[in-house]
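The values are calculated or read from the model by the stated rules, or taken from the named source; none is laboratory data. Here the structure is a predicted model, which is why all the values come from computation and not from measurement. Every residue, glycine as well, gets a Cβ built from its backbone with ideal geometry; the counts of neighbours run over all protein chains shown. Just so you know, the surface numbers come from the protein's heavy atoms only, side chains and all, with ligands and any DNA or RNA stripped out. Shrake-Rupley method; radii C 1.70, N 1.55, O 1.52, S 1.80 Å.
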Amino acid sequence: MNTVTEIRTGNLLLNALSPDDLALLAEKMEPVSLSRDDIIVVSNAEIDHVYFPDDGLASISTVTSIGRQTEVAIFGRDGVSATCLILDVFSSPHETRVQMAGMSAHRIETEHYLAAIAQSPTLRSALLHYVQTLLVQAEHNAATNAHQRIEVRLARWLLMAHDRIDGDELRLTHEFMAKMVSAERSGVTIALHMLEGSGLIKSERGRVIMIDRPMLERLAGECYGLPEAEYRKLIGPLGRGACARVQVNSARSPGAKQ
């Protein structure tokens with residue numbers, strides 16, 4: 001059995017909770033390690049566990065009957081899996097898959113998670129604030145993918161991924177990035193070459209190294225920053241560079257630490 005003092009987590013959402021709300025979850029949590037391509041929410045299936053990542057990256061995607069995958073949103077240490085549970089819905093049409101090797105997380109059985117939410121209105125409110133940030137991100141994804149060039153979409157996505165890891169190296173394949181920005185793999189390869197040619201990144205087989213984040217932010221423009229600002233307003237710090245320095249409303253989740 002865990003206590004608050006025993007929980008050592010890099011998860012920003014957990015760290016934003018009040019001690020009492022964190023204790024409700026920590027009592028039933030266990031640390032786990034996840035591998036790339038592990039599916040932590042199976043579409044249209046009963047959800048057994050909820051995951052709070054400490055690092056790494058997971059994508060929430062729609063999957064068609066022929067296996068075509070399109071990203072809806074991403075999260076890592078900023079969030080939690082299976083947000084449908086917070087809305088009293090017990091399965092999701094979307095799949096959630098780990099996209100970076102070596103993800104560590106804390107997980108809790110669904111029944112214990114729901115019991116904690118039922119016990120604490122402030123915990124439910126804090127988690128609902130996270131749902132709001134994820135909805136804003138998904139809406140922004142849709143608008144960006146519908147109206148922007150591939151290189152702009154890719155710059156935004158790389159910035160979002162960079163916000164959720166330590167260091168400057170993203171271990172991602174061209175095929176995966178194509179799914180994430182709703183483009184063909186060949187188009188993503190060309191866009192990566194353009195970004196590399198401009199000195200913004202270094203692209204190697206299976207990885208991208210961030211070189212000039214400020215210029216990537218300039219390229220992404222208004223496509224990047226709004227969901228991150230919403231997260232900072234409702235939950236806590238998220239982001240790097242100029243985006244992270246933007247001043248936002250100081251309102252915090254009712255369950256957040258003061």
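For this structure, a couple of remarks:
- Ratio of Rg to Rh over region 1-125 (Cα coordinates, Kirkwood Rh, two decimals): 0.96
- Carbon plus sulfur fraction of accessible area for the chain, probe 1.4 Å, in percent: 51
- Build a GNM of the chain with springs between Cα atoms under 10 Å apart, and of Met100, Met194, Met210 the one that fluctuates most is Met194.
- Ranked from largest, the principal axis spans of the Cα set of the chain equal 53, 44, 30 Å.
- For the pair region 82-101 / region 113-191, the C-alpha centres are spaced 14 Å from each other.
- Dipole magnitude for the chain: about 700 debye, using +1 per Lys or Arg Cβ and -1 per Asp or Glu Cβ, origin at the Cα centre.
- Label zone at Arg8, where the point sits 7 Å out along the Cα-to-Cβ direction: region 42-71 residues whose backbone N lies under 16 Å: 54-55
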